[in-house]
Amino acid sequence: MPLDAPEPGQRHRLGRSALARLLTLVPLLVLLGACQSRRDPDRLIVASRNRIDTVDPAGASTIGAMQLLSAIGDPLYAVRPDGSIEPRLAAQLPRISADGLRVVVPLRRGVVFHDGTPFDAAAMVFSLERFMAIGTLSYLLGDRVVGVRAVDSHTLELRLRKPFGAIPQLLSAINLTPLSPAAYRSHSRRQLSDRFVGTGPYRLTFFTPQQQRLEPFGRYWGRPPANNGLDLIALSNSTALFGALQSGEVDGLLSQSLEIDHQVALHQRSEQGLLVQATGPALNIVFLSVLSDQPPLNNPLLRRALALSLDRTRLIERVSQGLMAPLQGLVPPVVAGGTPQPWPAYDPAAARRLYRQAGYCGTRRLPLELTFRSNVPSDRLFALTWQALLQRDLGDCVELKVQGMETTTAYRLLGDGAFQLIVLDWMGDFPDADNYLVPLLGCEQAAGSVCRKGGSASSGSFWSRPGLEAELQRSATITGPQRLELVRRIQRQSADGSPYLPLWLVQPRMWVRPELALPRFDGSGRVLLQELRRR
């Protein structure tokens, strides 16, 4: 049946729904029409559900804001799709002192900001100190960096609190993009939400939360954009976005927050040659947080039994029709240390043995409550599907009840231990194993196997083990094979404790009209907007 075809007896109700969708589309169509009347064939429109409330790197924290900043700003380093490091505004890889506490970064010469002022070490110091002072994500630097200074006009020095092996990956974070001191002099200690003056391949010439207009920067130091400019458009309605790409009103569509049915339909159209689909590295993990410090799930046998009760293959097929990949670890496989995946595969017979060992099955069932984020459609579908699968395969052992809760409320209650089981997702600020392990397993104050303060408590699990925090701290200071083995050991031991149950990976996608070339993603999961072009 066509997407808009009404079922018998439902024509009047669906007619009103269609009218509502049309009214939602009208502002977009007017806006796009205005853009199209002004643009040449090589100017492109990219749409998503990414409302962007600030373009200040000190305030930006959403995926959409990071995607925009990557087009109008430059990092010191970038992560390639294969995970290797590419110097960008840095002239070469950093030089690190023997004690690991001093990092020297030579800077590229001949770079200018969008206002024509030169980029140099003083500008980089200004930008980093500003970020540490007022940044929403200031902990990225503040937890690791004591201070920064300009050694000379094009040499930057960072002094670290303790050695940090992933310093190039840290300096690839797009929030740390430099800003023109001349343009931000009056905003050195307060954020500037609607303007941006950086060094990137595009200048930001118009900004609202729903639309951003990008023009190529004629004095860009690197390869110029392959298009004549971009308009980034945001809509909260997935149906409207889907229709805009189908009709050609927009040239490209980013996958973030699109309804899964629309993603599947776009994927199928790309397989038919009607669209072009590109995928990026899967860095976003979805998992269950397990309340491990209170009965009944303070029993490790039951947490292990639950880990064996997840039929990821069937769940993913039901939730995403195969668009997502199963996950059996806390670190994505594309990140160093993310393989092998140590959490167990589905094994209902082994799960039943553990439930029985813990005193359940037969006349006594384990009562559990799963909370899903009510405004995330895939969460609800997962919860209902898992509930049905458990009832079918282990119904004499487990009774799972499900409830929905709005995301903001759920996050506010998470650190209070309010949920036995809750669906969460996480994406590191930059692609490094520590950015997944520390927020979920870190613990500043532990009592045996219980975490009272730290990442594990904030994530609703409250699990720890003796020596774990020391291993996490050590992981941050070493590199090479020794670090990979430590990361893998931390994951194996965490899998034994099962404070979290990994579910699946979310892979970013972009769909473009067939007349456009295949888009490319960088190693941080962002589309290289400057490479978008017609064939």
Considering (1) under 27 Å from the mean Cα position of the chain (by Cα); (2) touching a residue at least 40 places away in the same chain (Cβ under 8 Å), say which one Leu368 fails and leave the rest.
(1)
Which listed residue, of Arg373, Arg412, Arg380, is crowded, with 21+ Cβ neighbours inside 10 Å, assigned by TED's automatic domain parsing to the domain that holds Gln294 and either under 26 Å from Gln263 (Cα atoms) or out of contact with any strand residue (DSSP E or B) (no Cβ under 7 Å at 6 or more places or on another chain) (or both):
Arg373
Looking only at the stretch 198-241, which residues are in a loop (DSSP other than H, G, I, E, B), touching a His at 6+ places or on another chain (Cβ under 9 Å) and within 28 Å of Ser255 (Cα to Cα)?
Gly198, Thr199, Gly200, Phe217
Any residue that is in a loop (DSSP other than H, G, I, E, B), modelled with pLDDT of 95 or more and outside the structural domain of Tyr220 (by TED's automatic domain parsing) - is there at least one of those in the stretch 119-127?
yes
For the stretch 129-171, give me the residue count where each residue is touching a strand residue (DSSP E or B) at 6+ places or on another chain (Cβ under 9 Å), exposed (fewer than 14 other Cβ atoms within 10 Å of the Cβ), among the basic types (Lys, Arg) and closer than 21 Å to Asn435 by Cβ.
1
Inside the stretch 469-501, can you point out the residues that are on the phi > 0 side of the Ramachandran plot and either modelled with pLDDT under 95 or in a helix (DSSP H, G or I) (or both)?
Gly480
Taking interchain pairs and intrachain pairs at least six residues apart, which have beta carbon atoms under 7 angstrom, with the first residue in the stretch 264-287 and under 14 Å from Phe521 (Cβ atoms) and the second of a type in the set (D, E, K, R) and in a strand (DSSP E or B)?
Gln277/Arg509; Ala278/Arg509; Thr279/Arg509; Asn284/Asp425
Every residue in the stretch 109-125 that is among the small types (Gly, Ala, Ser) and crowded, with 19+ Cβ neighbours inside 10 Å, please.
Ala121, Ala123
From the list Leu204, Leu245, which one is more than 24 Å from Leu275 (Cβ to Cβ), in the same structural domain as Val264 (by TED's automatic domain parsing) and surrounded by 17 or more Cβ atoms within 10 Å (Cβ to Cβ)?
Leu204
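Would you confirm whether any residue within the stretch 242-261 is closer than 16 Å to Pro377 by Cβ and without any contact (Cβ under 8 Å) to a residue 40 or more places away in the chain?
Filtering the stretch 242-261 down to residues closer than 16 Å to Pro377 by Cβ leaves 242, 255-261.
Narrowing the set further to residues that are without any contact (Cβ under 8 Å) to a residue 40 or more places away in the chain leaves 242, 261.
Yes - at least one qualifying residue is present in the stretch 242-261.
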So in the stretch 133-162, with the set limited to residues that are part of a loop (DSSP other than H, G, I, E, B) and over 26 Å from the mean Cα position of the chain (by Cα), which one is farthest from Thr477 (Cα to Cα)?
Ser153
Taking the stretch 427-447, which residues are within 23 Å of Gln482 (Cβ to Cβ) and small (Gly, Ala, Ser)?
Gly428, Ala433, Gly442
Across (1) in the same structural domain as Leu414 (by TED's automatic domain parsing); (2) in a helix (DSSP H, G or I); (3) touching a residue at least 24 places away in the same chain (Cβ under 8 Å), Ser292 clears everything bar (2)
Considering only the stretch 346-375, how many residues are in contact with a Lys or Arg (Cβ under 8 Å, 6 or more places away or on another chain) and under 16 Å from Leu501 (Cα atoms)?
5
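The values are calculated or read from the model by the stated rules, or taken from the named source; none is laboratory data. What you see is a predicted model, and the numbers here were worked out from it, not measured in a lab. Heads up, the Cβs are rebuilt from the backbone with ideal geometry, glycines too, and the neighbour counts pull from every protein chain shown.
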